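*Asks:* Dropping the structure in here first, questions after.
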Amino acid sequence: MGDSKSKNASAAKPDVIVISEAGQEVDKRLDQHMSYEFGGPFGVAAIMTGFPLLMYYLWICLWFYDGHLVYPTALDDVQPFLGRMWSHVQEDANPSLYAWKVYGGNMVFQLFLAWVMPGHIQEGLPVPSLGYKKLIYNCNALGCFYATLATAFTLHYTHTFRLTEILDNFGHLMSVGMIVGFATSFGMYFIGVATGNTIRMSGNFIYDVFMGAILNPRLGPIDLKMWAEVRVPWVIVFFLSVSGGCKQYEEYGYVTPNMAFMILATGLYLNACAKGEECIPQTWDMYHEKWGFMVIFWNAAGVPFSYIYSIVYMARQDPSKYRFPTPVYVLMFGTLLTAYFIWDTSMSQKSRFKMQTQGITTFRKSFPQLPWSIIKNPTYIQTAHGFVAANRLLTSGWWAYSRKPNYVADWTMSFLWGAIIGTNSIIPYFYSMFFITVLIHRVGRDFERCAIKYGKDWERYCEVVKWKFIPGVY
Ligand code: NDP
């Protein structure tokens with residue numbers, strides 16, 4: 001960086017995290033409910049009802065109306081229109097027993113694997129609300145992913161469970177996912193309150209169900225929040241893509257490059273979450289976000305059934321509708337792999353830098369390890385939040401150019417997940433449109449939190465790393 005205010009990490013020994021008294025006071029403040037987010041109780045109630053309805057609507061448009069956004073054109077049409085919508089849900093998205101078996105079977109299997117598979121043992125960051133205790137995570141997602149792949153292949157090959165069934169039962173599975181999301185959110189709220197294991201509570205029932213009550217829910221050795229974030233949504237998203245590939249192969253005798261793109265894109269994403277699982281305890285979702293509706297519903301239903309609308313579109317349309325010339329495919333695959341590289345390495349650079357700060361010097365070598373995942377002699381800003389070496393802000397690698405290089409790369413991938421079907425329908429772009437609002441909102445929340453946590457040091461960091469997202473643009 002060449003910045004005089006930055007320091008070189010190699011000059012400092014990795015040391016024990018000691019938080020100053022002032023830092024502890026700030027942490028206590030951050031662990032209190034400060035102000036309502038998401039529009040407060042009314043806002044979150046609207047999200048909790050609006051999102052499931054939107055998901056049904058978008059699915060209906062894709063499944064029955066060629067991806068066109070349908071709506072009543074006259075006041076008299078409203079009632080019949082709503083009647084049609086409801087009958088689609090009743091017939092093709094009821095939570096059937098079969099869907100419960102498929103969705104529930106996967107959940108139980110993933111829970112079982114998480115419990116029994118050996119993994120990489122990783123310490124989390126010190127948790128202020130637990131007296132700076134570090135929780136232990138058994139990172140076995142990669143082994144579980146391989147076991148799931150082998151099991152799915154066997155089930156498909158032996159005709160015990162054809163993978164095409166997943167996409168064929170999309171509506172039914174989505175409803176089951178939603179029910180699981182709602183039931184778990186309310187259940188966890190009541191468990192948290194009953195056991196006194198709550199944090200940052202506002203006192204408003206619906207708002208606290210939405211934001212969650214418990215920060216670190218555990219079932220035996222399993223951290224439920226981390227398990228649900230990695231093992232449920234991305235596994236379903238990946239197998240929906242594989243299901244789409246199997247369907248095309250059965251129907252046409254080949255898999256389109258567009259579907260292959262989605263299998264690669266979702267496979268890379270799932271593999272990245274699994275191979276870098278030991279980096280997840282350092283993310284905002286793990287150390288800050290509670291396990292409430294916002295996270296639970298999104299993992300159980302939102303991500304799996306609204307991020308891959310391009311696959312749902314392809315499942316219902318002839319390949320001639322979304323065929324591209326070869327150079328466009330080259331551009332799409334090239335951009336995907338570049339964005340993936342930036343996303344993977346930027347996340348790894350920050351997480352491993354934080355681990356070094358914690359005193360961890362040997363890192364897990366799961367496949368694939370990309371070049372530039374660990375920065376040698378990184379520069380950083382030492383903040384006053386920790387006494388010795390804790391809480392440094394990295395100013396090297398991708399983090400020299402942008403305060404959120406990971407968000408930019410992640411969003412680019414989300415855009416490609418929609419763009420792979422071209423411009424015939426806007427619905428597959430839902431993920432990128434939704435995601436950009438999430439990321440902008442999250443950036444606001446995150447930077448506000450960092451400004452409180454680091455005070456003047458955060459201002460100093462923002463002077464060194466000027467751009468929020470794209471250098472020279474914003
Ligand atoms: P970040 O990984 O950017 O983590 C933010 C935190 O990192 C800050 O609060 C701060 O915490 C620390 N930090 C920020 N800048 C620095 C720095 N320069 N040096 C050291 N520490 C720093 O964000 P998220 O946890 O929100 O996201 C992680 C990934 O998950 C992203 O790639 C995101 O796109 C993805 N994601 C994907 C979603 C999806 O639905 N597909 C949804 C949400 C996220 P502190 O200093 O207190 O440790």
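*Asks:* Within the range 69-89, is even one residue under 30 Å from PRO428 (Cβ atoms) and assigned by TED's automatic domain parsing to the domain that holds PHE297?
*Replies:* no
*Asks:* Next question. Going by the structure shown, is TYR287 among the hydroxyl-bearing types (Ser, Thr, Tyr), at negative phi and out of contact with any Leu (no Cβ under 8 Å at 6 or more places or on another chain)?
*Replies:* Taking the combined requirement at face value, the residue does not satisfy it.
*Asks:* Out of curiosity, is PHE341 in contact (Cβ under 8 Å) with a residue 24 or more places away in the chain, of a type in the set (Phe, Trp, Tyr) and farther than 30 Å from THR184 by Cβ? Steps first, answer last, please.
*Replies:* Details: in contact (Cβ under 8 Å) with a residue 24 or more places away in the chain: yes; of a type in the set (Phe, Trp, Tyr): yes; farther than 30 Å from THR184 by Cβ: yes.
Here the answer is yes, as PHE341 does meet what is asked.
*Asks:* Can I ask one more? For the range 238-296, which residues satisfy the criterion of being acidic (Asp, Glu) and in contact with a helix residue (DSSP H, G or I) (Cβ under 7 Å, 6 or more places away or on another chain)?
*Replies:* Passing the criteria: GLU250, GLU277, ASP285, GLU289.
*Asks:* Out of TYR254, TYR249, TYR309, which single residue is hydroxyl-bearing (Ser, Thr, Tyr), more than 13 Å from the ligand (Cβ to nearest atom) and open to solvent by less than 10 Å² (accessible area, probe 1.4 Å)?
*Replies:* Just a single option satisfies the conditions, and that option is TYR309.
*Asks:* Okay, moving on. Quick one: would you say SER425 is part of a loop (DSSP other than H, G, I, E, B) and in contact with a Gly (Cβ under 8 Å, 6 or more places away or on another chain)?
*Replies:* Yes.
*Asks:* While we're here: Can you find, within the range 280-298, the residue that is surrounded by the most Cβ atoms within 10 Å (Cβ to Cβ) among those that are more than 9 Å from the ligand (Cβ to nearest atom) and under 15 Å from ILE47 (Cβ atoms)?
*Replies:* ILE296
*Asks:* Is it true that VAL465 is at pLDDT 95 or above, β-branched (Val, Ile, Thr), within 11 Å of the ligand (Cβ to nearest atom) and not assigned by TED's automatic domain parsing to the domain that holds ALA265?
*Replies:* yes
*Asks:* Hey, can you tell me all the residues within the range 416-440 that are in contact (Cβ under 8 Å) with a residue 24 or more places away in the chain and surrounded by fewer than 15 Cβ atoms within 10 Å (Cβ to Cβ)?
*Replies:* ASN424, ILE436
*Asks:* So, one more: If TYR407 satisfies all but one of (1) under 19 Å from the mean Cα position of the chain (by Cα); (2) more than 9 Å from the ligand (Cβ to nearest atom); (3) of a type in the set (Ser, Thr, Tyr), what's the number of the condition it fails?
*Replies:* TYR407 satisfies every listed condition except (2).
The values are calculated or read from the model by the stated rules, or taken from the named source; none is laboratory data. Note that this is a predicted model, so its numbers are computed, not measured. Counting neighbours? That spans all protein chains shown, and the Cβs are built from the backbone with ideal geometry, glycine included. Calculation scope for accessible area: heavy atoms of the full protein, side chains included, ligands and nucleic acids excluded. Shrake-Rupley method; radii C 1.70, N 1.55, O 1.52, S 1.80 Å.
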